Amino acid sequence: MLELRSRLTAKIGGSAAEVHEPVELAELIALVDRLRSRGRAFRVLAGGSNIVAGDAPLEEAIVSLRALRRFEKRSDTLWRADCGVPLGEMVARSVRSGLAGLECCHGVPGSLGAAVRINAGGKWGTIGGVLREVTLLTRDGRVVRRSVEPGDCAYRKTAWWDDLVLDATLEFAQSDPAATQARVAAVHEHKRTTQPLRYPSAGCIFRNPSPTQPAGLLIDRAGLKGTRIGGAEVSTLHANYIVNVGGATGSDFLALMALVRERVQEVHGVRLEHEVEVWN
Ligand SMILES: Cc1cc2nc3c(=O)[nH]c(=O)nc-3n(C[C@H](O)[C@H](O)[C@H](O)COP(=O)(O)OP(=O)(O)OC[C@H]3O[C@@H](n4cnc5c(N)ncnc54)[C@H](O)[C@@H]3O)c2cc1C
């Protein structure tokens, strides 16, 4: 039995009765095959930093990816890693090695695989900028290794959105270590001053409707900063974050998300789409 709150960064959610945690990719592939052939529904959990879960026990099985941690240097600048490797480890290791390209992902919690699925990053760039190859377990059960083409990675979306990312190969550029460190420091400072990192959260709740209409600005202009339901609060620092200010439940989060959506629709006529995954 797994209490989801122990694995989700927002510290919310109910329990899951069936949990699998493969330690090798081959074991993961066989497990998914077995679950699918039995018609058993499952959900994939990695770092849990982009998931909002309700409080009811989860009916689906959980496939946890955190034990899949193989890492390999194919050359000084070309690195391959399993989906469960923490993204932060890849950032720190590349920066320490004087390699540039992944500084944009400094401070993004979670795993490499989920970052590759959603094309994680921010205003400094995204992981798609260094992504060269992915191995996927497709919805129809095939293992496909493919190179990354222009257009595969877009804003919080990729061509392999519905597949399971098994591993990824990243290519870095040799760089002046001091310059790379300075870029990381700039990203760090930006995050420290603009994101509510003191409280548990699931990161940005909604996708930006367009580059000129950030969801946070729309929520702020709808007067919602500081709005609370139970222990969930629309952050006063960054309105696209809902933070757990103490004892929040999944229902608190979900109710506040629905309220924000409704008000933004009323005030701006814009329907916000979730960036987080909702497990309910
Ligand atoms: C404080 C904070 C700051 C954040 N800042 C940023 C930011 O700056 N930029 C940004 O892009 N994101 C940010 N996020 C969001 C989040 O960290 C990213 O979306 C991250 O990539 C999620 O990784 P995870 O391993 O935690 O995924 P999880 O939360 O475990 O899973 C997220 C989704 O991906 C699926 N998934 C997980 N692994 C795989 C896989 N290998 N293959 C296919 N599907 C998979 C899951 O089923 C789920 O649907 C932030 C979150 C927090 C809490």
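The values are calculated or read from the model by the stated rules, or taken from the named source; none is laboratory data. Model, not experiment: these values are computed from the prediction. Every residue, glycine as well, gets a Cβ built from its backbone with ideal geometry; the counts of neighbours run over all protein chains shown. When the accessible area is computed, the model is the full protein with side chains, heavy atoms only, and any ligands, DNA or RNA have been set aside. Shrake-Rupley method; radii C 1.70, N 1.55, O 1.52, S 1.80 Å.
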Self-check item: Gyration tensor (alpha-carbon) shape descriptor, the range 196-279, a/c threshold 1.5
Solution: prolate
Self-check item: For Ala202, residues with placed amide H under 5 Å, excluding near neighbours
Solution: Ile242
Quiz item: Quick one: Karplus J couplings for the range 209-223, per residue in order, coefficients 6.51, -1.76, 1.60, θ = phi - 60°, nearest Hz, x for Gly and Pro?
Solution: x, 7, x, 8, 10, x, 4, x, 5, 4, 5, 4, 5, 7, x
Exercise. Find the centroid of the Cα atoms in the range 1-38 and in the range 57-132, then give the distance between the two in whole Å.
Key: 20
Quiz prompt | With every protein chain in place, the chain: carbon and sulfur % of accessible area (1.4 Å) | solution = 49
Self-check item: Global geometry of the range 142-208, whether rounded, prolate or oblate, following the gyration tensor of its Cα atoms and the 1.5 cut on a/c
Solution: oblate
Quiz item: Under a 5 Å amide H to amide H cut-off, with H placed in plane at 1.01 Å, what residues pair with Phe42 once short-range neighbours are removed?
Solution: Ala61
Self-check item: R0 of 35 Å, Cβ-Cβ distance Ala182-Lys73: FRET efficiency to nearest 0.05
Solution: 0.90
Exercise. Please label the shape of the chain as rounded, prolate or oblate, based on the square roots a ≥ b ≥ c of the eigenvalues of the alpha-carbon gyration tensor (a/c under 1.5 means rounded; beyond that, a/b larger than b/c means prolate, else oblate).
Key: oblate
Quiz item: What ranking, highest mean first, results for peptides 237-245, 41-49 when packing means the other Cβ atoms within 10 Å averaged over each residue?
Solution: 237-245, 41-49
Quiz item: How many Å² of accessible area per residue for the range 71-179, probe 1.4 Å?
Solution: 42
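Based on the mean of other beta carbon atoms within 10 Å per residue, what is the order of 257-266, 99-108, most packed first? All intermediate terms of the calculation are to be shown ahead of the outcome.
Details: 257-266: 16.5, 99-108: 22.5.
Per-residue Cβ counts within 10 Å, averaged per peptide and sorted highest first, yield 99-108, 257-266.
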Quiz item: What full-extension length gain, to one decimal in nm, is calculated for Arg132 and Leu259 as 0.36 nm per residue of separation minus the Cα-Cα distance?
Solution: 41.7 nm
Self-check item: Point-to-point label distance, Gln174-Arg38, nm (Cα→Cβ direction, 7 Å offset)
Solution: 5.2
Quiz item: When only C-alpha pairs under 8 Å and at least 6 residues apart count, what is the relative contact order of the range 48-175, in percent?
Solution: 26
Quiz item: Hey, what number do you get for the chain at 222 nm if only DSSP H runs of n ≥ 4 count, each worth -39500 (n - 2.57), divided across all residues, to the nearest 500?
Solution: -8500 deg cm²/dmol
Self-check item: Lysine pair count for the chain [Cα-Cα under 23 Å; pairs on different chains or 8 or more apart]
Solution: 7
Practice problem: Calculate, for the range 196-279, the solvent-accessible area per residue in square angstrom, rolling a 1.4 angstrom probe over the heavy atoms of the protein chains. | Solution: 46
Practice problem: Go through the range 169-252 and name the trypsin sites (Lys or Arg not before Pro) that are in a DSSP coil and have 12 or fewer other Cβ atoms within 10 Å of their Cβ. | Solution: Arg198
Quiz prompt | Value of Rg/Rh across the range 71-179 [Cα atoms, Kirkwood radius] | solution = 0.95
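Determine the percent antiparallel among the DSSP beta bridges restricted to the chain, to the nearest 5. Kindly include the intermediate steps, with their values, before the conclusion.
Working: 37 of 47 bridges.
That works out to approximately 80 percent antiparallel.
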